[in-house]
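Colleague: My structure is below; once you've seen it, I'll send some questions.
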Amino acid sequence: MFQKILIANRGEIACRIIKTARRMGIATVAVYSDADRDALHVEMADEAVHIGPAPAAQSYLQVEKIVRAARDTGAEAVHPGYGFLSERESFAAALAGAGIAFIGPNVRAIAAMGDKIESKKLAKAAGVSTVPGFMGEIRDEAHAREIAREIGFPVMVKASAGGGGKGLRVVKSEEELGQAIVSSRNEAQASFGDGRLLVEKFVTEPRHIEIQLMADKHGHVIYLNERECSIQRRHQKVVEEAPSPFLDEKTRAAMGEQAVALAKAVGYDSAGTVEFIVDGARNFYFLEMNTRLQVEHPVTEMITGLDLVELMIRSAAGEKLALAQKDVKRNGWAIEARVYAEDPYRGFLPSTGRLTRYRPPHEGGHKGITIRNDTGVFEGGEISVYYDPM
């Protein structure tokens with residue numbers, strides 16, 4: 001087992017990882033920018049290394065600085081958290097080159113699942129249900145029209161390297177297709193530096209359900225049930241719920257087994273999430289795989305009683321997964337919600353302001369509520385937030 005790990009992130013997720021590492025007897029190293037010099041994760045860690053100015057591009061996204069910090073402090077492994085460098089193939093490769101373990105999947109798996117076109121091909125080859133469409137990049141508008149006519153409208157134009165709804169357009173008729181391709185390609189190029197697009201069938205009455213996986217380096221993969229994130233705005237998840245109120249046991253098992261098959265096909269290890277779109281008849285189709293710990297991982301932890309961060313650390317250290325599929329249980333219900341600061345009278349535009357009063361959860365309130373933010377984690381009780389727009 002590792003003696004010391006570095007957390008290449010900030011805020012709540014860094015604090016979360018530090019707590020598990022501390023419980024496991026592992027020393028921790030935090031990294032911080034100028035803006036986070038007095039942040040909680042810096043205070044909590046055993047050591048802290050300054051890595052640059054406030055902009056993330058000059059600090060938390062600087063692979064060389066983080067690798068150097070790990071090497072200089074003697075950290076044997078790095079946990080990337082989520083966001084920042086968590087799915088960056090080059091980061092995992094740089095750590096490997098420096099002889100430092102990456103607490104996440106191997107480089108080959110990150111590369112295989114990081115591209116929507118290639119991951120869809122791999123999923124189909126592994127026997128996973130995929131959304132009807134063209135298994136490759138569209139060449140031009142004429143090619144897209146040919147595909148759309150074949151599978152039928154409505155269709156989705158999607159960025160191959162996309163995420164978070166960027167580079168995605170729903171097209172209801174052939175007349176809308178040309179403009180959708182132009183806008184999707186421009187947005188994808190600006191957001192990801194990759195303008196490749198694909199076209200696939202738009203599933204009506206869709207529900208967005210994801211399967212949490214855990215795998216070790218010895219070929220053992222299990223699924224830790226599902227989370228449903230169908231309530232979204234602007235293609236961002238608003239409510240994450242586990243278990244899904246829509247799935248039955250047969251569908252749950254089928255989705256889990258297909259997710260495991262995909263993970264085994266690409267030699268996956270560590271935590272990962274396979275996302276599916278499910279129609280009203282419970283037919284499900286592969287969307288993409290997230291090769292990292294997700295923001296909503298506590299929802300799974302609450303109903304399974306498992307610590308996903310601990311399992312990731314043990315996997316990265318080469319330990320065999322001490323769980324069989326039959327050992328995974330479901331106990332209770334968990335919900336996580338995103339809180340927005342927006343002005344409903346101005347089309348829900350982002351609205352900055354001052355938090356004037358905050359009352360954390362307390363004994364005697366509703367149990368099972370968790371608030372996670374950059375100042376800490378509070379569990380159980382009521383939530384009262386008073387917000388004064390500036």
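The values are calculated or read from the model by the stated rules, or taken from the named source; none is laboratory data. Predicted model only: the values in this text are computed from it and were never measured. Cβ placement follows ideal geometry from the backbone for every residue including glycine, while neighbour counts extend to all protein chains displayed. Protein only, heavy atoms only, side chains kept; ligands, DNA and RNA dropped before computing areas. Shrake-Rupley method; radii C 1.70, N 1.55, O 1.52, S 1.80 Å.
Colleague: Per residue, what volume in Å³ does the Cα convex hull of region 172-308 take up?
Modeller: Numbers: hull volume 18.3 nm³, N = 137.
Measuring per residue, one finds 134 Å³ for the Cα hull of region 172-308.
Colleague: What net charge do the residues around Ile138 carry, taking every other residue with its C-beta under 11 Å from that of Ile138, with Lys and Arg at +1 and Asp and Glu at -1?
Modeller: Numbers: positive: Arg139, Arg145, Lys158, Arg185, Arg196; negative: Glu137, Asp140, Glu141, Glu146, Glu200.
Result for the local shell: 0.
Colleague: On average, how much accessible surface per residue is there in region 233-367, in Å², for a 1.4 Å probe, leaving out ligands, DNA and RNA? It would help to have the intermediate numbers written out before the result.
Modeller: Numbers: 6860 Å² over 135 residues.
About 51 Å² of surface per residue is accessible.
Colleague: So what are region 1-153's ellipsoid semi-axes, whole angstrom, largest first, if each one is the square root of 5 times an eigenvalue of the alpha-carbon gyration tensor? Mind dumping the intermediate values first?
Modeller: Details: eigenvalues 303, 58, 39 Å².
Square roots of five times the eigenvalues give 39, 17, 14 Å.
Colleague: Counting pairs of Cα atoms in region 146-218, how many percent are more than 14 Å apart? Please list the in-between numbers first.
Modeller: Details: 1640 of 2628 pairs.
Above the 14 Å cut-off, region 146-218 has 62 percent of its Cα pairs.
Colleague: As a test, work out the antiparallel percent of DSSP beta bridges whose residues both lie in the chain, rounded to the nearest 5.
Modeller: On the way: 49 of 64 bridges.
Bridges in the chain are about 75 percent antiparallel.
Colleague: Let me ask something additional. Roughly what angle does helix 249-265 make with the longest principal axis of the chain, taking Cα atoms, 0 to 90 degrees, to the nearest 10?
Modeller: 80
Colleague: Give, to the nearest whole percent, the P(r) tail of region 114-187 beyond 14 angstrom, counting all Cα pairs. Before the final figure, lay out the partial values.
Modeller: Details: 1628 of 2701 pairs.
Value for region 114-187: 60 percent of Cα pairs lie more than 14 Å apart.
Colleague: If packing is taken as the average number of other Cβ atoms within 10 Å across a peptide's residues, how do 330-343, 112-125 rank, most packed first?
Modeller: Numbers: 330-343: 13.6, 112-125: 19.4.
The peptides rank, most packed first, as 112-125, 330-343.
Colleague: Which entry is the computed Cα extents along the principal axes in Å for this structure: (1) 60, 53, 43; (2) 77, 50, 38; (3) 70, 67, 54?
Modeller: Of the listed options (1) 60, 53, 43; (2) 77, 50, 38; (3) 70, 67, 54, (1) comes from this structure.
Colleague: Related question: Nothing charged except the Cβ atoms of Lys and Arg (+1) and of Asp and Glu (-1): what's the magnitude of the dipole of the chain about its Cα centre? Round to the nearest 20 debye.
Modeller: The calculation lands at about 280 debye.
Colleague: Once the Cα gyration tensor of region 219-297 is found, what semi-axes does its equivalent ellipsoid get, as square roots of 5 times the eigenvalues, in whole Å, sorted largest first? Provide the component values of the computation, followed by the final result.
Modeller: Values: eigenvalues 82, 51, 25 Å².
Semi-axes (√(5λ), whole Å): 20, 16, 11.
Colleague: Give the percent of DSSP beta bridges with both residues in region 1-149 that are antiparallel, rounded to the nearest 5. Present the calculation step by step, with values, prior to reporting the outcome.
Modeller: Numbers: 0 of 14 bridges.
Around 0 percent of the beta bridges assigned by DSSP in region 1-149 are antiparallel ones.
Colleague: Which order, highest average first, do 176-184, 317-325, 301-309 follow once you tally other Cβ atoms within 10 Å for each residue and take the mean per peptide? Intermediate results must be reported in sequence, preceding the final value.
Modeller: Details: 176-184: 17.3, 317-325: 13.7, 301-309: 19.2.
Per-residue mean Cβ counts within 10 Å order the peptides as 301-309, 176-184, 317-325.
Colleague: Just for the Cα atoms in region 1-46, what are the lengths along the principal axes, largest first, rounded to whole Å?
Modeller: Principal-axis extents of region 1-46 (Cα, largest first): 33, 14, 14 Å.
Colleague: Could you give the size of the charge dipole of region 1-139 about its Cα centre, using +1 on the Cβ of each K and R and -1 on the Cβ of each D and E, expressed in debye and rounded to the nearest 20? Display every interim value, and only then the final one.
Modeller: Values: 17 positive and 15 negative charges, 106 e Å.
Dipole size: approximately 520 debye.
Colleague: Still on this structure: Using modelled backbone amide H atoms (1.01 Å from N, in-plane), which distant-in-sequence or interchain residues come within less than 5 Å of Val31's amide H?
Modeller: HN-HN under 5 Å from Val31: Ile7, Asn9, Val49.
Colleague: Follow-up question, since we're still on this one. Could you work out the local net charge near Gln179, counting Lys and Arg as +1, Asp and Glu as -1, over the other residues with Cβ closer than 14 Å to its Cβ? It would help to have the intermediate numbers written out before the result.
Modeller: On the way: positive: Arg145, Arg169, Lys172, Arg185; negative: Glu141, Glu174, Glu175, Glu176, Glu187.
Cβ neighbours under 14 Å give a net charge of -1.
Colleague: What aspartates and glutamates does Lys172 reach when the alpha-carbon gap must be under 13 Å and sequence neighbours fewer than 8 apart in one chain are set aside?
Modeller: Cα-Cα hits under 13 Å: Glu200.
Colleague: Angle, helix 174-192 long axis vs. longest principal axis of the chain, Cα atoms, 0 to 90°, nearest 10?
Modeller: Approximately 20 degrees, to the nearest ten.
Colleague: Using only Cα atoms, find the angle between the long axis of helix 141-151 and the longest principal axis of the chain, and express it within 0 to 90 degrees, rounded to the nearest 10.
Modeller: 80
Colleague: Under 25 Å Cα-Cα from Lys217, which lysines qualify once same-chain neighbours fewer than 8 residues away are excluded?
Modeller: Qualifying lysines at Cα under 25 Å: Lys4, Lys19, Lys116, Lys120, Lys121, Lys124, Lys264, Lys320, Lys326, Lys329.
Colleague: Using only the Cα atoms of region 43-109, construct the convex hull and provide its projected area averaged over every direction, in square nanometres to one decimal.
Modeller: Directional mean of the projected Cα hull area for region 43-109 stands at 4.6 nm².
Colleague: Still on this structure, please answer the following. For the chain, which whole-number percentage of the solvent-accessible area (1.4 Å probe, protein heavy atoms only) is attributable to carbon and sulfur atoms?
Modeller: 51
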